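The values are calculated or read from the model by the stated rules, or taken from the named source; none is laboratory data. Because the structure is a prediction, the values reported are computed rather than measured. As a convention, Cβ positions derive from the backbone with ideal geometry for all residues, glycine included, and neighbour counts pool all protein chains shown. Keep in mind that these areas ignore ligands, DNA and RNA; they rest on the heavy atoms of the full protein, side chains included. Shrake-Rupley method; radii C 1.70, N 1.55, O 1.52, S 1.80 Å.
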Amino acid sequence: MKINSRLLRNILLKKYLYLFPLIMGSYLQAQTVVPSGSGWTVSVPAITEAGNNYAGTYASATNAIILSGTMPGSFLNLLSNGAARISVRYTPTTWNNALHLYAKRSGGTATISGLCLGCTATVNGGTTYVEILQATDTAFCTINFSGILGLGNSVSYSGINVQLQITGVSVVIPATSYSSQLVFTIGPN
């Protein structure tokens with residue numbers, strides 16, 4: 001059927017353009033990053049003698065945050081290079097810009113489920129401290145996978161231990177409680 005009216009063609013085109021994101025949204029399942037941990041409170045020792053300063057750098061336990069999650073097959077099919085990146089940024093609640101946050105990873109496993117030929121999945125990178133920025137996502141680590149994907153694939157990852165470090169602690173920074181929230185995201189590498 002040929003549509004002669006230019007207005008009718010434009011209306012139908014817009015209708016189909018609106019349907020495309022709805023269809024794609026229902027096809028794609030959510031990928032998740034699930035952080036766990038109890039938060040980290042830096043314990044700064046008191047200064048007992050005039051003229052002294054704080055150590056300046058403090059580190060958390062190696063497992064202050066533990067990341068886990070799942071990437072469904074619909075997300076894996078969008079990753080043309082076979083890798084996803086976990087990124088991190090911080091959102092300050094009460095903060096002083098002289099303080100700097102860093103994170104590094106230890107451990108972590110990844111497995112592929114579903115029908116897959118010669119498949120492997122690994123967690124890579126992030127084993128040295130990277131600075132966490134406020135407004136920009138910082139690449140933290142990658143989850144690489146290879147093989148011939150089949151039906152019902154997903155990649156699950158767990159045991160990604162995150163150690164935090166703060167630098168810049170000094171007597172010249174006003175004495176108060178400082179806090180921020182870390183935001184982890186996962187996307188194409």
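Side notes on the structure shown:
- For the range 73-189, with all protein chains in place and a probe radius of 1.4 Å, 53% of the accessible heavy-atom surface sits on carbon or sulfur.
- Accessible solvent surface per residue of the range 58-97, calculated while the other protein chains remain in place, 1.4 angstrom probe, Å²: 42
- Accessible solvent surface per residue of the range 98-189, calculated while the other protein chains remain in place, 1.4 angstrom probe, Å²: 49
- Note on SER156 and ASN124: the model spin-label points, each 7 Å out from Cα along the C-beta direction, lie 2.4 nm apart.
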